[in-house]
1. Given springs between every Cα pair under 10 Å in a Gaussian network model of the chain, which of Gln48, Gln65, Gln34 has the largest fluctuation?
2. Any idea which of Leu29, Ile4, Met63 is furthest toward the positive side of the dipole for the chain, if Lys and Arg beta-carbons carry +1 and Asp and Glu beta-carbons -1?
3. Near Gly25, within a Cβ-to-Cβ distance under 13 Å, what is the net charge of the other residues, with Lys and Arg +1 and Asp and Glu -1?
4. With runs of 4+ DSSP H residues as the only contributors, calculate the mean residue ellipticity of the chain at 222 nm using -39,500 (n - 2.57) per run, divided by the residue total and rounded to the nearest 500.
Amino acid sequence: MSSIHYKTENEIQKLGIETLRQGIGVVGLIRFLQQFDKGYGNYVTDRQQWQKDYTVETLVEAMEQKHHRVAEKDPETYK
């Protein structure tokens, strides 16, 4: 009777990564793995902190300033 070799989790992971690398290349493998990165921190808290000084008025003003800068560079677009 022959014995069955069950792969360990580590062996399966290494085999899977190597198979992906061969199939979609290094860049594709990296992009695939990045989909599973959970990141760090608390996005909601961080966003509230960096947006705390924003108001509707400041956002509208910033959009108008950008519009005028773009219009000055390319007046044909805004006729």
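1. Gln65
2. Ile4
3. The answer is +1.
4. One gets -22000 deg cm²/dmol as the mean residue ellipticity at 222 nm.
Quick note: the coordinates plus some simple rules give every number you see, no bench work behind them. Everything numeric here is computed off the predicted structure, so don't read it as measured data. Positions of Cβ are backbone-derived with ideal geometry, glycine not excepted, and every protein chain shown enters the neighbour counts.
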